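Shown next, in structure tokens, is the structure this report addresses.
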Amino acid sequence: MPALFALGLLASVSGAACRQDMHDQPKVKAYREADFFADRRGTRPLPEGTVARGFLQDDDLMFTGKVNGQFANVFPFQVTKAVIERGQQRFNIYCTPCHGRLGFGNGMVVQRGYRPPPSLHDEKIRNQPVGYWYDVMTNGFGAMPDYRAQVPPEDRWAIAAYIRTLQYSQRAPLADVPEALRTTLDHPVPTETRPAGEHGSH
């Protein structure tokens, strides 16, 4: 019995020692002092020039919408059908609640009392360079919050491409529509999607 008791006591002491080692092991804890370093700061400064992986934004056009400090009217990549379709998808998710499907500024939240944004078809808006729209999506403007956290840069550009397409679609002459598709334009656009006084094809 004494031997068995001693063995049990040894096991319990050994277990307690391991537990303390895990709790009190020497290590640097974030934002705490550390005797190991001369300045006693546990959190070390990053080496100069360090950039987080995936965050090197060295393309001004791509990440600011500007060239030489001015809003650009060119895209940082080729605009394809796939880009426009992606832009339409993202526009329908993030933009239509305020701007509406056709961009006239009468989305669902506006119909319920939210401050209406300007129509994307107003002459002043249509004449803005695409880099301006990218900047507004990135930094917000007026009552519009920024969407940089929700929409990555590539998708912001895709939305800008779709806005340009949407604007053209509402002002395009009939001659630009393939003849086989002109019969689809014979039906008027429902009044709930276009504010009074706005005209155009769909």
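Please check which bits of the stretch 114-155 a label hung off Tyr168 would reach, taking the label as a point 7 Å along Cα-to-C-beta and the cut-off as backbone N under 14 Å. Output list for this probe position: 130.
Working from Cα pairs under 8 Å separated by at least six residues, relative contact order for the stretch 60-193 is 29 percent. Ordering Met22, Met137, Met144, Met108 from the fewest to the most neighbouring beta carbons within 10 Å gives Met22, Met108, Met144, Met137. Dipole magnitude for the stretch 60-193: about 180 debye, using +1 per Lys or Arg Cβ and -1 per Asp or Glu Cβ, origin at the Cα centre. Taking label points 7 Å from Cα along the Cα-to-Cβ direction, Arg41 and Val109 give a separation of 4.0 nm. Could you compute the net charge surrounding Asp155? Neighbours are other residues with a C-beta less than 9 Å from the C-beta of Asp155; K and R count +1, D and E count -1. Once all neighbours under 9 Å are counted, the net charge is +2.
Here the 3J(HN,Hα) profile of the stretch 156-165, calculated from phi with Karplus coefficients 6.51, -1.76 and 1.60 at θ = phi - 60°, is 4, 5, 4, 5, 4, 5, 5, 4, 4, 5 Hz, Gly and Pro shown as x. The fewest-to-most ranking of Lys124, Lys66 by surrounding Cβ atoms within 10 Å reads Lys124, Lys66. Listed values for the stretch 107-114 are Karplus-derived 3J(HN,Hα) couplings in whole Hz (6.51 cos²θ - 1.76 cosθ + 1.60, θ = phi - 60°), namely x, 4, 6, 5, 5, 9, x, 6, and x replaces Gly and Pro. Close amide-amide hydrogen proximity is noted between Gly107 and His99, Gly100, each under 5 Å apart and 5 or more residues distant or on a separate chain (H modeled in the peptide plane; Pro and chain starts excluded).
Close amide H contacts of Val67 (hydrogens built in the peptide plane, cut-off under 5 Å, sequence separation of 5 or more or a different chain): Ala72. Net charge in the neighbourhood of Gly42 (other residues with Cβ under 15 Å of its Cβ; Lys, Arg +1, Asp, Glu -1) is +3. Ordered by the count of other Cβ atoms within 10 Å of each Cβ, fewest first, Thr64, Thr96 give Thr96, Thr64.
We did not get these values from a lab; they are worked out from the coordinates using the rules stated. Just so it is clear, the model here is predicted, and its values are computed rather than measured. In this analysis, Cβ positions are derived from the backbone assuming ideal geometry, glycine residues included, and neighbour counts consider all displayed protein chains.
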